[in-house]
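Enquirer: Quick one: this structure, given as structure tokens, is what I'll be asking you about.
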Amino acid sequence: QVQLVESGGGLVQAGGSLRLSCAASGSIFGINAMGWYRQAPGKERELVARILNDGSTNYASSVKGRFTISRDNAKNTVSLQMNSLKFEDTAVYYCSARRIVKDYWGQGTQVTVSS
């Protein structure tokens, strides 16, 4: 089992910045990817950004150039720096980890962007 704990959500004005962090614990050996997803009210959960063990990343087109994902393998953490936030970025953000073929999820952290 992998436990994921997120922090850093909150309320911010449009154009502002937030940084989300996620700490992984438990059976972390074998994690090959970590990432962030989000789910807005009435919408499906969607990928925001993902980082693989080799450091390669991919982003949703809606956040490219504004969000940056990073990973500290020594501390087993993954972070998401979110700049130039928009109202439409408002959602619950979930940290995820893929260990072998199973996905694990954090409890989610609310990000609210006021227009």
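Enquirer: Go through the residues of the range 15-25 one by one and say whether even a single one is without any contact (Cβ under 8 Å) to a residue 24 or more places away in the chain and of a type outside the set (Ser, Thr, Tyr).
Expert: no
Enquirer: Separate question: Scan the range 1-26 for residues that are at positive phi, assigned to a strand (DSSP E or B) and open to solvent by less than 50 Å² (accessible area, probe 1.4 Å) and jot them down.
Expert: Gly10
Enquirer: Follow-up. Here are some residues: Gly55, Gly42, Gly35. Which one is in a loop (DSSP other than H, G, I, E, B) and open to solvent by less than 80 Å² (accessible area, probe 1.4 Å)?
Expert: Working: Gly42 fails: open to solvent by less than 80 Å² (accessible area, probe 1.4 Å); Gly35 fails: in a loop (DSSP other than H, G, I, E, B).
Only one candidate passes the filter, namely Gly55.
Enquirer: Let me confirm something: among Val113, Val101, which residue is aliphatic (A, V, I, L, M) and surrounded by 15 or more Cβ atoms within 10 Å (Cβ to Cβ)?
Expert: Selected residue: Val113, the only one of Val113, Val101 that is aliphatic (A, V, I, L, M) and surrounded by 15 or more Cβ atoms within 10 Å (Cβ to Cβ).
Enquirer: Filter the range 58-83 down to the residues that are open to solvent by less than 70 Å² (accessible area, probe 1.4 Å), of a type outside the set (A, V, I, L, M, F, W, C) and without any contact (Cβ under 8 Å) to a residue 24 or more places away in the chain and list them by number.
Expert: Once the filter is applied, which keeps residues that are open to solvent by less than 70 Å² (accessible area, probe 1.4 Å), of a type outside the set (A, V, I, L, M, F, W, C) and without any contact (Cβ under 8 Å) to a residue 24 or more places away in the chain, the range 58-83 yields Asn58, Tyr59, Arg66, Ser70, Asp72.
Enquirer: Of the residues that sit in the range 40-59 and are under 20 Å from Gly30 (Cα atoms) and of a type in the set (A, V, I, L, M), which one is farthest from the chain's Cα centre (by Cα)?
Expert: Top of the filtered list is Leu52.
Enquirer: Which number in (1) surrounded by fewer than 18 Cβ atoms within 10 Å (Cβ to Cβ); (2) at pLDDT below 95; (3) under 22 Å from Ala60 (Cα atoms); (4) not hydroxyl-bearing (Ser, Thr, Tyr) marks the one condition that Phe29 misses?
Expert: (3)
The values are calculated or read from the model by the stated rules, or taken from the named source; none is laboratory data. Bear in mind the structure is a predicted one, so any value in this text is a computation, not a measurement. With ideal geometry, Cβ positions are generated from the backbone for all residues, glycine too; neighbour counts draw on all protein chains shown. All accessible areas refer to the heavy atoms of the entire protein, side chains included, with ligands and DNA or RNA removed. Shrake-Rupley method; radii C 1.70, N 1.55, O 1.52, S 1.80 Å.
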